[in-house]
Structure formats: structure tokens, C-alpha cells
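Notes for the one structure printed next.
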Ligand SMILES: [Zn+2]
């Protein structure tokens, strides 16, 4: 067999036609170019590049359906344990995260912004993500360039809204001007999608309107028209907080999900992040419109909010998983999604390790309309994770998938392959100067933090 790369797995996770898992013992994944050519027991021919870890689990790479890599780097440690006054999550979003992101874009040089994006993306990559859907301000076009450089598979979603600067009013409600006729943000997003969305490329684009409460009906109708015209995907934040639900109810007399349905945005091409404040009929509406939910349990747990993955998944809504902007680590994200689902449903058997891996491989791939991703089978695109199981916390092995999800960490990843290329080996990216990336990003973040402190947006005494 003539191929370019062969990866040995003591166990290789494969999905059968109905999405049921099958663990292949002692198999080789043979890669030719960027495609998986075969998964067999046959050793590769001499001279082929190999990855052979003594005891290993080989998984399809994780698809991270919702993240903000720049925020992951810029806000590291800032909101953790912070004692915000109620409403916590709204305060964090409207009073800290959104204003700080604006400060960063206004005050940092292009090189400094790039350094933060690079650190965030490196973090995501090493956390087990091989395909990333990322929301970022439309002025941060550098995202696409950094994804090309790092070698990760990425869908950049430039963000936009019809809202002015955000804050929280004395009544605890989000406060901002909403211009009902301003659709200039849509034009910006569309320009970037036209420039970067290319079927068949590793780095692609989709539209990223911010959220129901920050986007007026005219804005969202323009997003729907643009998505239909371009044939591209759309991602949005949805039903994040009780305040968003209250605001939409007072303005339009609907739930946020009904509002999106009304403007025509729900559908199989929409990835809706979070979806926490949902009624039972909202869940049904998401299901009947085939809308995808991107569950991000960890960043909401940080604020004391339960965002149970299993609630929408078990209701038959296509539910994938994302890291948002907290820990950018898919292994711990999957584990936390599992734990919170078990707690929420008071059942230890729900959201099992295979449900979680399926959500972040097959479901993620279906959300992106990419049947070539999320699986290790002939013809699939070669995005692959190799876990080293020869660790005290991963032995002995009864079921390697359960061990990795419930006991493992992204530090157990011995190699990451994206598009047939080995981009992480033994925890290092050989094509990058990682020390420089860490140093440059830390310097840029320190600048933003100093400004945010001096303007009273964050305070070190808060925690
Ligand atoms: Zn988000």
C-alpha cells in the first residue's frame, strides 16, 4: 500500500452506519495525502512515516462548534471566581467581555491582536480541537491568516450586531442602543465570507450575527437572505440568559427561539450556541427546524449556571459541543458536559462517554455539512487524535474511550493530525515558535488588563 502516513492504535474508534461505536483492536489508520485510505491490521510498508505509541487510543479529531479564541487568551483568569452582582452572566457578557474586546481592538497593534489570536488558537488545537468554529469581531480578519499558519481546520464567523456599546442598567437589564435600520454589520460579515468561504479549503467562513437581543429584525432578515444567497452556514448566540428572554419578550412578545423563527433564521444551516433558557416548545421548534445547538457547559458553570448538554440532545435536537472562551480544552469540556447532564437529569447513565464523543465528532460534522469529518473510515478527511494510554490515570484499560473521557486530559494527546499533516507531536508543534507565541500574547493581554482596570471594567479586588 503506497501512503504517506500510518497511525497505529491499540484501539481505533470507528462508527458503523447507524452511528454506533465499534472499537477496532490493534489496527493501523493509513493516510494518503489528506485522506484516510484504509483502516486495517496491516503494517505499513517500510519507509512510510508512522505514529506508533505503545498503548494508544485513536479517535477522530474533535469538532469544537463554538469558541472565541481571542477571548480565551485575553480573559484568562479575569472572570474566574469573580463576585459579580446579579445578574452574573449578563454582567459578565455586557459589562466585561464585550467592552474589553472593544478596548483590545481599539488599543492593540495589529501584531498584538495577532499574538492573542495565535495563543488562543494554539490552546484550542492542543486541547484536542481539530476543527474550530470561532466567533470574532469582524475587524479581526487576521483570524483566517493565523488558522492558515497553525494548520488547524477552522470556520471563522465574523460577528456583527445592530447594537451600540453595551452595559447593564440599574434595573439589572442589559442596556444599549439598538438601531432598527442599521444593517452595515451584515455587509461587513458578508464581505469576509465572500473572501474566505471556499468549499474544499481547510480555512473557511460563515456568518456570525451576535445574538437575538443585540440584532434587530431587519438585521437578522438580512443575515438570512445573505446566507441563502451565499449558501453558507450561520452561527449565533441564543437564549443565553434570563435577561435576554425578558428583553425579547418585552420587545416582541416571543421567546428568543420564536423570534429567530419569526425572522426566518432557524434551520439546518444555523448553529445556535448555548440555548440554555429554553421552554419545552422552544426545544421542539429547534428540533422541527433541524437547528443545531452548540452546548458549552464549562463557561456557564463558571457563573453558576447549569447548561445541560443532554437536555437538548435527548430531545432529539442535533447537539454538538464547544469550548466558548473559558478553558479551551475539549476533553475537559466533554467531561463537564457529561457531569452536568448527569446531575441535571439525576441519572448516571445519561450523556455517556460515547454520546459525548459522538456529539463532538459526527454531530459536529453534520452541523458543518461535512460527512468527510468526524470519522476514521476510508475516504474520510484525515483529522486524527492519538491518545497515549500508558499513564497511571489511564490504566488498566477496560474501555479506552471511557478512560480518556472520564479520567484523561488533553495532555494525554501524543499526536494530532489535521488534513493528513502531523501538527502536534509529543505535545509540541514543530512548525511554530511556541515560546515566542506565549510571550507576545502575555504582553498584549497585560496591556488590555491595565486599561480595563484603569477604566473600572475589572478590578483585582473583585475576586
Ligand atoms: Zn460565545
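Coordinate-derived values only; no laboratory data. Computed from a predicted structure; not experimentally measured. Backbone-built Cβ (ideal geometry, glycine too); neighbour counts: all protein chains shown.
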Q. Among 13, 57, 65, which is the only one that is over 30 Å from residue 450 (Cα atoms), touching a helix residue (DSSP H, G or I) at 6+ places or on another chain (Cβ under 7 Å) and within 16 Å of the ligand (Cβ to nearest atom)?
A. 65
Q) Tell me, which helices (runs of 4 or more DSSP H) wholly within segment 288-362 include 3 or more residues that are away from the ligand (no atom under 16 Å from the Cβ)? A) 309-314, 330-345, 353-358
Q) Taking segment 430-441 on its own, how many of its residues are in a helix (DSSP H, G or I), in contact (Cβ under 8 Å) with a residue 60 or more places away in the chain and surrounded by fewer than 17 Cβ atoms within 10 Å (Cβ to Cβ)? A) 2
**Q.** Every residue from segment 377-423 that is over 15 Å from residue 58 (Cβ atoms), touching a residue at least 40 places away in the same chain (Cβ under 8 Å) and assigned to a helix (DSSP H, G or I)
**A.** 402, 406, 410
Q: Read through the list (1) more than 16 Å from the ligand (Cβ to nearest atom); (2) more than 30 Å from residue 247 (Cα to Cα); (3) buried (at least 17 other Cβ atoms within 10 Å of the Cβ), then give the number of the only condition that residue 82 fails.
A: (2)
Q. Out of segment 244-276, which residues are outside any helix (DSSP H, G or I) and within 14 Å of residue 211 (Cβ to Cβ)?
A. 255, 263, 265, 270, 271, 272, 273, 274, 275, 276
